[in-house]
Structure formats: structure tokens, C-alpha cells
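**Q** Below: one structure in C-alpha cells.
The values are calculated or read from the model by the stated rules, or taken from the named source; none is laboratory data. Keep in mind the model is a prediction, meaning the values are calculated, not measured. In this analysis, Cβ positions are derived from the backbone assuming ideal geometry, glycine residues included, and neighbour counts consider all displayed protein chains.
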Amino acid sequence: MPKKKTFEQALLRLEEIIENIENSETTLDESVKLYKEGIDLSVFCGNQLKKTEQEIVVLKEKADGIFKEESFENTEE
């Protein structure tokens, strides 16, 4: 069974791909393959961030000491 990649692993690989393409360390064919891989990694990372953002719950303490759950999106300004 293949090991599931983490956000951090995907981000590191994406950085490697960008560096290789920017430094022209690859042939045109290799660059296209790396670009496709980079797009897939970018989508994966975006989805992971969106999923994580949806799961984040911020606890805010009211003045009376009762905690209130509030979604992460409601705290952004």
C-alpha cells in the first residue's frame, strides 16, 4: 500500500520542481512532466488547506467564562 503524502511533503516537492524549472536544469520534455506534477501538487495542497480551514474551530471565551465555538472563517477580517 503506497504511503499517503502529507501537505509538507507535497509542498517540498513543489518547491523542488519550481527550482528545477526556474534553473533550466531539465529538458523541455522533463519540464512539461514536472509542470504537470506541480499542478497536481498545487491542487492537492490547495485542497488540504481548504479542508483544514473548514475543520478549524476557534474557541472564544465570553465575558461570563462560557466558551463559544466559532468557525475559522468568521474570525477573519
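**Q** Scan the stretch 16-54 residue by residue and report those that are small (Gly, Ala, Ser) and modelled with pLDDT of 95 or more. Break it down into steps so the answer makes sense when it comes.
**A** Going through the stretch 16-54, the residues small (Gly, Ala, Ser) turn out to be 24, 31, 38, 42, 46.
Scanning the stretch 16-54 gives Gly38, Ser42, Gly46.
**Q** Has the stretch 62-72 got any residue that is modelled with pLDDT of 90 or more and not β-branched (Val, Ile, Thr)? Quick ask: steps written out before the conclusion?
**A** Kept after step one, since they are modelled with pLDDT of 90 or more, are these residues of the stretch 62-72: none.
Checked the stretch 62-72: no residue is modelled with pLDDT of 90 or more and not β-branched (Val, Ile, Thr).
**Q** Any residue in the stretch 22-47 that is at negative phi sitting within a Cβ distance under 6 Å of a residue that is small (Gly, Ala, Ser) and at pLDDT 95 or above? List the pairs, counting only those 6 or more apart or interchain.
**A** Sorted first by the residue in the stretch 22-47, then by its partner, the pairs are Leu41/Ala10; Phe44/Ala10; Cys45/Ala10.
**Q** What number of residues within the stretch 7-38 satisfy the criterion of being in a helix (DSSP H, G or I) and farther than 23 Å from Gln48 by Cα?
**A** From the stretch 7-38, those in a helix (DSSP H, G or I) are 7-22, 28-38; that's our starting set.
Keeping just the survivors that are farther than 23 Å from Gln48 by Cα gives 20-22, 28-32.
Total satisfying the criteria: 8.
**Q** Out of the stretch 15-30, which residues are surrounded by 12 or more Cβ atoms within 10 Å (Cβ to Cβ) and either basic (Lys, Arg) or over 21 Å from Cys45 (Cα atoms) (or both)?
**A** Matches in the stretch 15-30: Thr26, Glu30.
**Q** Among (1) part of a helix (DSSP H, G or I); (2) within 17 Å of the chain's Cα centre (by Cα), where does Lys4 come up short?
**A** (1)
**Q** Also: Being surrounded by fewer than 12 Cβ atoms within 10 Å (Cβ to Cβ), assigned to a helix (DSSP H, G or I) and over 17 Å from the mean Cα position of the chain (by Cα), is that true of even one residue in the stretch 39-46?
**A** no
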